[in-house]
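Asker: My questions all concern the structure below.
The values are calculated or read from the model by the stated rules, or taken from the named source; none is laboratory data. In this text the structure is predicted, and so the values were computed from the model without any measurement. A quick note on method: Cβ atoms are made from the backbone with ideal geometry, for glycine too, and the neighbour counts reach across all protein chains shown.
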Amino acid sequence: MFKATKVRLYPTSAQRRALAFQFGAMRWAYNFALHWRREAWAERGERISKRMTLDRLVELKAAEETAWLKEADSQALQQSVIHLDDAFQRFFKELGRYPRFKSKHCKQSMSYPQRVKVVEGRALYLPKVGVVK
């Protein structure tokens, strides 16, 4: 069973910057994975699995030009790739349309599978961001 909680945050300016960076990194990972999958299918007729995409994400974090991904929360980045795979699964089952690229002007949200804690009853600890009210 999955549990989801939607909350309104009141971050400080430093936390806003950290959240904006996290949203940007997750959006970049999602868009990269979508582009990679589309390109592989168009050029070679090859399907890219979720595991292949997650492995590629690890390689990208090790690469010098995309080393900035190390500063983002790894589980949140993995969740963005998993969300893309879920979108493809819904598309193949004809339950949704083909996945589209994410824009920073659309709704921004993130998923943490673990490591989020309630602190002092009215605040949350978010990895790489800190305690947010």
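Residue-wise test of (1) buried (at least 17 other Cβ atoms within 10 Å of the Cβ); (2) more than 13 Å from the chain's Cα centre (by Cα).
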{"position": "GLU64", "(1), (2)": "no, yes"}
{"position": "ASP73", "(1), (2)": "yes, no"}
{"position": "ASP85", "(1), (2)": "yes, no"}
{"position": "PHE101", "(1), (2)": "no, no"}
{"position": "HIS105", "(1), (2)": "no, yes"}
{"position": "GLN108", "(1), (2)": "no, no"}
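Asker: When LEU95 is evaluated against the numbered criteria (1) surrounded by 11 or more Cβ atoms within 10 Å (Cβ to Cβ); (2) over 16 Å from the mean Cα position of the chain (by Cα), which criterion, by number, is the only one it fails?
Answerer: LEU95 satisfies all of (1) surrounded by 11 or more Cβ atoms within 10 Å (Cβ to Cβ); (2) over 16 Å from the mean Cα position of the chain (by Cα) except (1).
Asker: Look at PHE32 and say whether it is surrounded by 17 or more Cβ atoms within 10 Å (Cβ to Cβ), closer than 21 Å to SER103 by Cα, touching a residue at least 60 places away in the same chain (Cβ under 8 Å) and under 15 Å from the mean Cα position of the chain (by Cα).
Answerer: No: the conditions fail for PHE32.
Asker: Is it the case, given these coordinates, that LEU9 is touching a Pro at 6+ places or on another chain (Cβ under 7 Å) and either in a loop (DSSP other than H, G, I, E, B) or modelled with pLDDT under 95 (or both)?
Answerer: Considered against the rule, which asks whether it is touching a Pro at 6+ places or on another chain (Cβ under 7 Å) and either in a loop (DSSP other than H, G, I, E, B) or modelled with pLDDT under 95 (or both), LEU9 comes out as no.
Asker: While we're looking at this one, here's another question. Among the residues of region 75-133, how many are in contact with a strand residue (DSSP E or B) (Cβ under 7 Å, 6 or more places away or on another chain) and among the aliphatic types (A, V, I, L, M)?
Answerer: Looking only at that region, the number is 8.
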